[in-house]
1. Quick one: how many residues across the stretch 11-33 are under 24 Å from N135 (Cα atoms), touching a Ser or Thr at 6+ places or on another chain (Cβ under 7 Å) and either of a type in the set (S, T, Y) or in contact (Cβ under 8 Å) with a residue 12 or more places away in the chain (or both)?
2. Output the residue which, of all residues in the stretch 52-83 that are out of contact with any Lys or Arg (no Cβ under 7 Å at 6 or more places or on another chain) and assigned to a strand (DSSP E or B), is surrounded by the most Cβ atoms within 10 Å (Cβ to Cβ).
3. If a residue must be out of contact with any strand residue (DSSP E or B) (no Cβ under 8 Å at 6 or more places or on another chain) and surrounded by 13 or more Cβ atoms within 10 Å (Cβ to Cβ), how many such residues does the stretch 1-40 contain?
4. Identify, from the list K77, K89, K49, the residue that is more than 16 Å from the chain's Cα centre (by Cα), modelled with pLDDT of 95 or more, within 23 Å of L133 (Cα to Cα) and of a type in the set (K, R).
5. Taking the stretch 8-25, which residues are hydrophobic (A, V, I, L, M, F, W, C) and farther than 15 Å from V91 by Cα?
6. Please name all residue pairs, on different chains or six or more residues apart, with Cβ atoms under 9 Å, provided the first residue is in the stretch 34-47 and is part of a helix (DSSP H, G or I) and the second residue is of a type in the set (S, T, N, Q) and modelled with pLDDT under 95.
7. Could you say whether any residue in the stretch 115-124 is at pLDDT below 95, hydroxyl-bearing (S, T, Y) and more than 27 Å from L39 (Cβ to Cβ)?
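The values are calculated or read from the model by the stated rules, or taken from the named source; none is laboratory data. Just so we're clear, the structure is a prediction, and the values are computed from it rather than from any experiment. All Cβ positions, even for glycine, are placed from backbone atoms using ideal geometry, and neighbour counts span all protein chains on display.
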Amino acid sequence: MGRILALDYGSKRTGIAITDEMRLIASGLTTVSTPELMLFLEKYFASEKVDLVLVGEPKQKDGSPSTVEEEIQRFLKKFSRTFPDLEVKRVDERYTSKMAFQTMIDSGLKKKQRQNKALVDEISATIILQEFLYNN
């Protein structure tokens, strides 16, 4: 059984989380510059077996799509052409950034460390993955 990889896609950076091989534990993997995301994924998929990719679906409070959704749709088209055999699912990511920030506070990170937006993105991807595992 392959791993599940989750992406918290952003215009500048994308947070990435991954499960273990048994799909029990979600862990933050890294944050990459979004323009370098496809190259990173190509290398990662060449070395690790991944069966499912989750992509966060950012929505406004009223449920309407976020402004970055158009960019995500372009990414998904390119992704499906590059990796046609990988299943992709969308996951509602509302409030994950706030939850990530609260997680950083709860874990005792100092204010300077909490300003690391790349870490927020990685934790957000982990939350997306944890919620998917919990609900499925």
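1. Final tally of qualifying residues: 8.
2. The initial filter retains those residues of the stretch 52-83 that are out of contact with any Lys or Arg (no Cβ under 7 Å at 6 or more places or on another chain), namely 53, 56, 58, 60-64, 67-83.
Applying the additional criterion that residues be assigned to a strand (DSSP E or B) yields 53, 56.
Working: V53: 20, G56: 28.
Of everything passing the filter in the stretch 52-83, G56 is surrounded by the most Cβ atoms within 10 Å (Cβ to Cβ).
3. Restricting attention to the stretch 1-40, the residues satisfying the condition of being out of contact with any strand residue (DSSP E or B) (no Cβ under 8 Å at 6 or more places or on another chain) are 10-11, 22, 24, 35-36, 38-39.
From what is left, the residues that are surrounded by 13 or more Cβ atoms within 10 Å (Cβ to Cβ) are 10, 38.
Qualifying residue count, the stretch 1-40: 2.
4. On the way: K77 fails: within 23 Å of L133 (Cα to Cα); K89 fails: more than 16 Å from the chain's Cα centre (by Cα).
The conditions single out K49.
5. Our first condition is that a residue be hydrophobic (A, V, I, L, M, F, W, C); within the stretch 8-25, this holds for 16-18, 22, 24-25.
Scanning the stretch 8-25 gives M22, L24, I25.
6. Sorted first by the residue in the stretch 34-47, then by its partner, the pairs are T34/S11.
7. No - not one qualifying residue is present in the stretch 115-124.
Residue by residue, here is whether (1) out of contact with any Asp or Glu (no Cβ under 8 Å at 6 or more places or on another chain); (2) under 19 Å from G15 (Cβ atoms) holds:
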position: Y44; (1), (2): yes, yes
position: V53; (1), (2): no, yes
position: E57; (1), (2): no, yes
position: G63; (1), (2): yes, no
position: S66; (1), (2): yes, yes
position: R81; (1), (2): yes, no
position: K89; (1), (2): yes, yes
position: D92; (1), (2): no, yes
